[in-house]
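The next block holds one structure in the form of structure tokens; read it before the comments.
The values are calculated or read from the model by the stated rules, or taken from the named source; none is laboratory data. On a predicted model such as this, the values are computed, not experimentally measured, just so you know. Positions of Cβ are backbone-derived with ideal geometry, glycine not excepted, and every protein chain shown enters the neighbour counts.
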Amino acid sequence: MSNEAALLSVEGLVVRYGAIEAVRGADLSVRQGEIVTLLGANGAGKSSILNAIMGLVPVAGGRVVLEGNDVGGEPPEKIVRRGMTLTPEGRRVFANLTVAENLSIGAATRRDRAEVEATRSDMLELFPILAERRDQLAGTLSGGEQQMLAIARSMMSQPKIVLLDEPSLGLAPQIVDTIFELIVRLRDRGATILLVEQNVELALEIADRGYVLASGAIALEGSARELSASGDVERAYMGAH
Amino acid sequence: MDVVVQQTVNALALGGTYALLALGLAMVFSVLGLINFAHGELMTVTGYAMYFVLTAGLPFEIAVLVGIVAAIATAMLMERVAFRPVRNAGTATMLLTSFAVSTILHMLFQNLISARPKALPVPDWMIGALNIAGFDIGVIQLMSISATALLLFALTVFLRRSTLGIAMRAASLDFPVTRLMGINANMVISTAFAISGLLAGVAGVLWLAQRGSVDPLMGFLPVLKAFIAVVLGGLGSLSGAVLGGFTLAFIEVALRAFLPDDWLPFRESIALALVILLLLVRPEGLLGRKEAIR
């Protein structure tokens, strides 16, 4: 692993909830411009890793290095200002705020109004449905639309890297395809993405590299092609139970 | 007809004070999940600040200003000193902390100032009534109504238009995700307390202008009323708190005006019984969110 080239690297990360060790020494890295996917069965610790990276849950051990700085243990609002953000599991758009307000708040860290407007029109172009629904309350959108809004909201801060937690969760297969196409388009525009997914096949289809998590530790890693070709991913999944 | 107009004005004036107090409680509750029972003491602080300014021989207007600023400062100080350290300890801990803050402030007022009421003379021009369209409307009532309207308008603009305002609404819906937007948690909570202090300060001035005196326990009854207003309107809803405040005031004023004399001693109980009745029909409050929203 060439850590010096990594935008984000996680080294020996440990996450504990009381006596339970949810993540026991996970290592992973994401380079500029990559889509890296983190796979694993339910409860393997995927979300725990993302939440710890973002400072939403405490880091009990190890380091989270963003552009050479150890950001482990910093509060989320500070980490966002450093250029890393998370689109949380279950979308969690602000239901009683309009689509436009959701986008505005995504850009809360930025001062230059003209630049914010440029990003906004960029996002509305990428997600035209959001332009149509601009003044609607986010809670009235469909699941797929909410997912698009959640991603667009994250992009409003112009992050260097986005952590996407289960963007396919609870969505119809067709919508999932659309969302994944949009993720690829985001990467083509220069975004760097760490993607947590249950949908192994789709995730490996769009990712450059992948990690498989089992019982809180990395069980397997490799290029997306290697991982989908070998049957090891399924085996690692089974091993988790 | 005359009586109806007169009593409507009374209800609007009283409702405005309740609404401001309830809104302050709801503001803090919406971002922190805390019902701050020391909220009433902010009014008392306003009262004593005004008392000291007036005793120093300064004009009433200065006293009002100092009184409101004192309430804002006390609210922010409460947050910093008492609530921030226990923020992650759960809502029960914060609730108990708020009782402690309230009790400590009572003790300080009693021991450092006096257990007896201190007179707060109101300038003559506030005592009279103005004749508007053939109706005599009290100056204090008029001030209450306009101050409430102005503050509600300003607060609405702030919450709708400013980034910090939108952030506060977002924080009331989902605090962790709001932090993911890069918004400083302390900033949002501190602002909520500052606003609650401002509202309590203004409500305090209006309340004190009616009473003409300040004593250590004066905050208890209004904060209780505000709490009822918040629950009646729907816990967590800001517009609900305002509506709850006005509803409670209308019930109280109507009972005071139209109840037979023999029944008057029971008017508080009847008012609360009506509130319970309303809550039986709408357990989530007048504007409360039903849990079923998905």
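Observations on the model:
- Total residues in region A:91-100, condition part of a loop (DSSP other than H, G, I, E, B) and either basic (Lys, Arg) or more than 10 Å from chain B (Cβ to nearest Cβ) (or both): 2
- None of B:Ala229, B:Ala194, B:Ala170 is more than 14 Å from chain A (Cβ to nearest Cβ), buried (at least 24 other Cβ atoms within 10 Å of the Cβ) and either of a type in the set (Gly, Ala, Ser) or touching a Gly at 6+ places or on another chain (Cβ under 6 Å) (or both) except B:Ala229.
- The single condition from (1) more than 14 Å from chain A (Cβ to nearest Cβ); (2) in contact with a Gly (Cβ under 8 Å, 6 or more places away or on another chain) that B:Phe153 fails is (2).
- Of all residues in region A:54-88 being touching an Asp or Glu at 6+ places or on another chain (Cβ under 6 Å) and away from chain B (no Cβ under 11 Å), the one that is surrounded by the fewest Cβ atoms within 10 Å (Cβ to Cβ): A:Arg63
- Considering region A:101-115, and only residues there that are within 10 Å of chain B (Cβ to nearest Cβ) and not in a loop (DSSP other than H, G, I, E, B), the residue that is surrounded by the fewest Cβ atoms within 10 Å (Cβ to Cβ) turns out to be A:Ser104.
- Strands (runs of 3 or more DSSP E) fully within region A:1-88 that include at least 3 residues being of a type in the set (D, E, K, R): A:20-31.
- From the list B:Ala249, B:Ala271, the one residue that fits, being surrounded by 15 or more Cβ atoms within 10 Å (Cβ to Cβ), within 21 Å of B:Gln141 (Cβ to Cβ) and either of a type in the set (Asp, Glu) or modelled with pLDDT of 90 or more (or both), is B:Ala249.
- Annotation: A:Ile161 fulfils all but one of (1) within 12 Å of another protein chain (Cβ to nearest Cβ); (2) touching a residue at least 60 places away in the same chain (Cβ under 8 Å); the unmet one is (1).
- Enumeration of residues in region B:130-163 that are part of a helix (DSSP H, G or I) and small (Gly, Ala, Ser): B:Ser144, B:Ser146, B:Ala147, B:Ala149, B:Ala154
- Residue pairs whose Cβ atoms lie under 7 Å apart, separated by 6 or more positions or on different chains, with the first residue in region B:171-184 and in a loop (DSSP other than H, G, I, E, B) and the second of a type in the set (D, E, K, R), are B:Asp174/A:Arg92; B:Gly182/A:Glu77; B:Gly182/A:Arg81; B:Ile183/A:Glu77; B:Asn184/A:Glu77.
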